[in-house]
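Below you'll find the structure, written out as structure tokens, and then a few comments.
The values are calculated or read from the model by the stated rules, or taken from the named source; none is laboratory data. Keep in mind the model is a prediction, meaning the values are calculated, not measured. Backbone-built Cβ (ideal geometry, glycine too); neighbour counts: all protein chains shown.
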Amino acid sequence: MAKDARDNWKNPTEFVLACVSYAVGLGNVWRFPYLCQMHGGGGFLIPYLLMLFLEGVPLFYLELAIGQKMRLGSIGAWTAISPYLGGLGLASVVTSLYLCLYYNIINAWSFWYLFHSFQPVLPWAACPVNSNRTGPIEECERATPTQYFFYRETLNISPSIQENGSIHTGQALCFLLAWLITYLFIVRGVKSTGKVVYFTATFPYVVLFIYLIRGITLHGAINGVKYMFTPKMEELSNPTTWINAATQIFFSLGLGFGSLIAFASYNQYHNNFEHQAIIVSLINSGTSIFSSVVTFAIYGFKATLNYENCLERTRIVLLNTFSLAEDSITIDNVFEWIGKLNKTYPEQFAELSCKLEDCNLESELSTAVEGTGLAFIVYSEAIKNMPLSQLWSVLYFVMLLLLGMGSMLGNITAIITPLRDFKVLSCISDEIFNGVVCLVCLLLGLGFTTSSGNYWFTMFNDYGATFSLLFIVLIEVITVSYFYGIKRFDKDIEDMLGHRPNWFWKIMWAGVSPLLLIGLLLFYVINIIQGGIPTYQAWNKDLGKSEQMEYPLFGLVFIGLLSVSSVSCVPLTALYVFWQRRKHAQRHKQQCTVNTVAA
Amino acid sequence: MLEKIFFFLCFPSVLAEMLCQPDAPEGFNVRLSIKTALGEEAYEWNRNEKFFFQAAIAYAMSIHLKQEFSVSDVLVCNETPRVSFWFVVTSPANPLLLIDKANVEMAVRKSRNRINSALLLSDTTMEFVGALPTLAAPFIPATPPWLIVFGVVIGLIAAGIVFLLVSTVVQKKRKKNQKTDEEDDDEEERVKTVENRNRSDGVYNASFSDDEPNTQM
């Protein structure tokens, strides 16, 4: 009986949508706007687009080519290129495993916020009342209601990573739901994934577009957009700008996890992946830019609102202290009055100076936030001030969910595809195998729903994949260019596409990209060494804000394990294969001598 | 005689001035932000509004201390253009005795809602400086609403998974049945062909055949 032929995408569109769904993720929404703001607004686009063409698209093309040619997951594909390099695929699988463990917790938080949006008043809009109904809860008063809702009600966060606490039941339920949905999407492999990506890849754009219209019509949004687009060209002379641009392109495209190889392995042999690689990379970068316009409109709205609230509070303080009539000071002439009052009542004003805040629109706009802080705190704060806030909240968190789920599909496929290539595991049915993988990840990931879970999440996010990926992709590109040979690779592509790749690609693969990657890797390592003991942001409930704390010893050990465990797969597997071959060669020699003796 | 009448007429206002002073220990500072609260429909702060305020406070005191207070028991002084003033409450039995701050505060807290709505203001726009506000009790529903939505979504997802798994099992069974049917057909065919000695099946062992079918030289 013939073995079942490999699953395929029903049509090339499914493959393109799957890649788009995977590449366009939360990083486009919460990392790129931050980088744009930090590195000079519109000017950041120059290093970003340059890196896209020097590094992003060539490496993306490379991974798709390997997957489509070898028609195996990452372990099988690299073993086929060279048996000593099976470890490269294994390193990708391990890194993907770490990613799968912690990524779904973000989806769990999105679900939590989504379900809490179905209330007449959003729970993060106002502080809850304390037990004797005299005022809001103290922790909430010291911080803001949105921060309180995130740190206390969503996470129930502990003061440091050492204090563990118990599992948050609501979180655990949402986490379970996130894994159930992931299982539902991948239960039949590419047959089910292929249908799901039509929705997960396209609907976020609908929401982004709606938010764009809502965003730019908000009061004060134009301040934010202007701030973003005014380029500060002097930032281009800062090397960090270029390095951040390169790193962002690299991680945004999801290179090195093995997901692209896995997706491409389900392609028809003659699929034109060259055009698809360019299209997907451009869509990914375009989405980053598009979402940063939306984010800056929201920033502008929030900053203007905070600034006006600050002015209002100053006005009230002045009115109360000097007992002036209510309509004498308006928001527009607050500063004039400050000057006037300072001259006429200098002593009284001096007493007041500690209570008076410094209201500055620029400083409000320049508070840049990234990551979960942006997605769950800043955005929810902006949403609560919009009219019909429940609707906007639901739309926003549905978008976050789709982006996160789309990326999860790629992550989990990167684990399942290479494992299923092993004959031992391929006899188990699709559904059971996928179910077991999801169950294992669910159980291991429950640790992130405990009180200290957010700190572990940050550790995994910052250290789980960065070093490994840079290393993996560097080895990948060097292997293909020099070990496997550019000429052989050329021929393979010609076999698949019908024409040889342009000289531009070859220069990138053989020269520019490896050099860039070596540079990035060196810079990353130097940064780690120079940075001293790694720190994390711990929530201090007495002060109502985050403060930096150093990781304890077990934390540092764990960070080391995370980085080393995946990278070490490469040399360890090479050694294992070498040892196996030597044993085999020795045995073969013995057998031959026996035979010759017998004959 | 005239002097006595004059003295008795001036006495209350003099008394009021003595009892009601800014920073009086039994007094409260009140700040009203009428224009902020009502915007276009803001009313002028005048004697009539002051009277209304005094009546509301008297009402609150009556409720709390279960004595009959009247408007004249609430003394207001030191009005500013901000619209802020101080007030003290005197006992109905003895106009020289001030009701202590704690009782006034409790009375105001109890009836805060009524006092606010009398003047069309709220907790933020009518500030009793130093008094703690009474916030409305939060409405806690029996089941948290998020759990309801969660239940619906997880129910749908679980149904979807069960449906997919069941349909896979059904499909596999159907394929197996089809295959066993096909295999039966194949076997029959093979039996027939063996009987018919069809040369295209199996390896043809030439040593057992006649040479006749081969063309002779």
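Note on the range B:79-110: residues that are within 26 Å of residue A:316 (Cα to Cα) and either among the small types (Gly, Ala, Ser) or touching a Cys at 6+ places or on another chain (Cβ under 8 Å) (or both) total 5. Per the conditions (1) in contact (Cβ under 8 Å) with a residue 12 or more places away in the chain; (2) in contact with a helix residue (DSSP H, G or I) (Cβ under 6 Å, 6 or more places away or on another chain), the sole criterion not satisfied by residue A:80 is (1).
Restricting attention to the range A:384-410, the residues that are modelled with pLDDT under 90 and β-branched (Val, Ile, Thr) total 0. Could you check, for the range A:193-215, whether at least one of its residues is modelled with pLDDT under 85, out of contact with any Gly (no Cβ under 8 Å at 6 or more places or on another chain) and more than 10 Å from every other protein chain (Cβ to nearest Cβ)? Within the range A:193-215, not a single residue is modelled with pLDDT under 85, out of contact with any Gly (no Cβ under 8 Å at 6 or more places or on another chain) and more than 10 Å from every other protein chain (Cβ to nearest Cβ). Inspect the range A:123-133 for any residue being under 21 Å from the mean Cα position of the chain (by Cα) and modelled with pLDDT of 90 or more and give the result as yes or no. There is no residue in the range A:123-133 that is under 21 Å from the mean Cα position of the chain (by Cα) and modelled with pLDDT of 90 or more.
Within the range A:287-317, the set of residues being in contact (Cβ under 8 Å) with a residue 24 or more places away in the chain and within 13 Å of another protein chain (Cβ to nearest Cβ) comprises A:313, A:317. Within the range A:162-183, identify whether any single residue is away from chain B (no Cβ under 13 Å), touching a Phe, Trp or Tyr at 6+ places or on another chain (Cβ under 9 Å) and either farther than 26 Å from residue B:152 by Cα or buried (at least 18 other Cβ atoms within 10 Å of the Cβ) (or both), and answer yes or no. Scanning the range A:162-183 turns up at least one residue that is away from chain B (no Cβ under 13 Å), touching a Phe, Trp or Tyr at 6+ places or on another chain (Cβ under 9 Å) and either farther than 26 Å from residue B:152 by Cα or buried (at least 18 other Cβ atoms within 10 Å of the Cβ) (or both). Sub-7 Å Cβ pairs linking a first residue in the range A:526-545 that is exposed (fewer than 14 other Cβ atoms within 10 Å of the Cβ) to a second residue that is assigned to a strand (DSSP E or B), at least 6 apart or interchain, are A:533/A:550; A:535/A:548; A:535/A:549; A:535/A:550, ordered by first then second residue. When residue A:254 is tested against the conditions (1) touching a Ser or Thr at 6+ places or on another chain (Cβ under 9 Å); (2) not in a loop (DSSP other than H, G, I, E, B), the lone failure is (2). If you go through the range A:546-575 and keep only what is part of a helix (DSSP H, G or I), of a type outside the set (A, V, I, L, M) and either touching a residue at least 40 places away in the same chain (Cβ under 8 Å) or surrounded by 17 or more Cβ atoms within 10 Å (Cβ to Cβ) (or both), you end up with A:555, A:558, A:563, A:565, A:566, A:569, A:571, A:573. When residues in the range A:351-374 are screened for being among the small types (Gly, Ala, Ser) and either surrounded by fewer than 12 Cβ atoms within 10 Å (Cβ to Cβ) or in contact (Cβ under 8 Å) with a residue 40 or more places away in the chain (or both), 4 of them pass. Elements of the type helices (runs of 4 or more DSSP H) sitting completely within the range A:375-449 and holding at least 3 residues that are in contact (Cβ under 8 Å) with a residue 24 or more places away in the chain and either surrounded by 22 or more Cβ atoms within 10 Å (Cβ to Cβ) or touching a Phe, Trp or Tyr at 6+ places or on another chain (Cβ under 7 Å) (or both): these cover A:379-384, A:389-420, A:430-445.
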